Amino acid sequence: MTTFKTFKHQLRHFLIALQRVIQYIAQAVTRIFSPTDDQYPKTGVQPFTGNPADKKKQKY
């Protein structure tokens, strides 16, 4: 191979590797900032059913 073809071949592999790194990071950013895909039921605010703590008997 000539020097130019070797350089072109190395440059192509470098650009492919760079493209893969950018795609990997972009997928992570997209996943972080995309809407949630959780399927939890919407329950709303739940009433408190316990007993409040007695502040006089608490020890710190």
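Bear in mind that the values in this text are calculations on the coordinates, not laboratory data. Just so it is clear, the structure is predicted and the values come from calculations on it, not from any experiment. Neighbour counts are summed over all protein chains in view; Cβ atoms, including those assigned to glycine, are modelled from backbone coordinates with ideal geometry.
Helix 3-33 against the longest principal axis of the chain: what's the angle in degrees, Cα atoms only, rounded to the nearest 10? In the chain, helix 3-33 runs at an angle near 10 degrees to the longest axis. Only Cα sites of the chain enter the Debye sum here, all with the same form factor; the resulting log10 I(q)/I(0) across q = 0.21, 0.27 1/Å is -0.93, -1.08, listed in q order.
What's the FRET efficiency of Gln27 with Phe7 using the Cβ-Cβ distance as r and R₀ = 30 Å, to the nearest 0.05? Provide the component values of the computation, followed by the final result.
Working: r = 31 Å, r/R0 = 1.02.
For Gln27 and Phe7, the calculated efficiency is 0.45.
Taken about its Cα centre, the chain carries a charge dipole of about 260 debye when Lys and Arg each add +1 at the Cβ and Asp and Glu each add -1 at the Cβ. Dipole orientation for the chain: of the candidates Ile25, Pro35, Phe7, Phe7 has the Cα lying most toward the positive pole (charges on Cβ; Lys, Arg +1; Asp, Glu -1).
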